[in-house]
Amino acid sequence: MIVEPVVSVILHCSRCNTPWLDGETETPAYWSGLAEIAETFKRAALRETYGSDVGGWRRTPNERYLCEDCFVVEGGLVVERPPLSAIEEAKVLRAQNEYARQVGKIAAYELLPSTPEVAR
Ligand SMILES: [Zn+2]
C-alpha cells in the first residue's frame, strides 16, 4: 500500500480560539500552511473594493489573526477587543499551546535526516 501524508493547518482566532470556517461547508477550513494564510490576508489588505477582511477576519499589525467577534475597526485600524475573562483566556492558551506543541512535532519530523538512498 502506498500512502501519502498530507499536512494542513486550521487557523484559530488569536483571541478566542474560534476556527476559521469554510464559507460553504461551515466546517474548519484546511490551509496548506502558514504561508497560504499570510498571503491570503496580505492580498485582502491590498484589495480595497471588497474590504480587507478574509471571511470577516482581520490581521492586526502585530500578527494576531482575529475573528469577527474579536476586533473593532477604529480610524481604519484593526483594534483587538479587551481580553476574555481569565478563565476563558486560560482555556484558549492551553488549547493554543497544544497546537504549538503539535506544530513543533511536525517541524521536528520534517527536519529528520531523510533515509539514506539505497546504493545502486
Ligand atoms: Zn475571536
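The values are calculated or read from the model by the stated rules, or taken from the named source; none is laboratory data. Nothing here was measured: the structure is a model prediction, and the numbers come from that model. Cβ coordinates were reconstructed from backbone atoms using ideal geometry, including for glycine residues, and neighbour counts include every protein chain displayed.
Residue count for region 82-94 under the criterion of being touching a residue at least 12 places away in the same chain (Cβ under 8 Å) and either in contact with a His (Cβ under 6 Å, 6 or more places away or on another chain) or more than 11 Å from C13 (Cβ to Cβ) (or both): the result is 3.
For region 35-72, filtering for residues that are of a type in the set (A, V, I, L, M, F, W, C) and touching a strand residue (DSSP E or B) at 6+ places or on another chain (Cβ under 7 Å) leaves 9. Scanning region 72-81 for residues that are without any contact (Cβ under 8 Å) to a residue 40 or more places away in the chain and in a strand (DSSP E or B) turns up V72, V73, E74, L77, V78, V79. Just one residue in the set A100, A107 is assigned to a helix (DSSP H, G or I), more than 15 Å from the ligand (Cβ to nearest atom), under 21 Å from L11 (Cα atoms) and modelled with pLDDT of 90 or more; that residue is A100. Within region 1-60, the set of residues being within 16 Å of the ligand (Cβ to nearest atom), among the basic types (K, R) and surrounded by fewer than 18 Cβ atoms within 10 Å (Cβ to Cβ) is empty. Within region 2-28, being touching a strand residue (DSSP E or B) at 6+ places or on another chain (Cβ under 9 Å), under 27 Å from P83 (Cα atoms) and in contact (Cβ under 8 Å) with a residue 24 or more places away in the chain holds for V9, L11, H12, C13, S14, R15, C16, T18, W20, L21.
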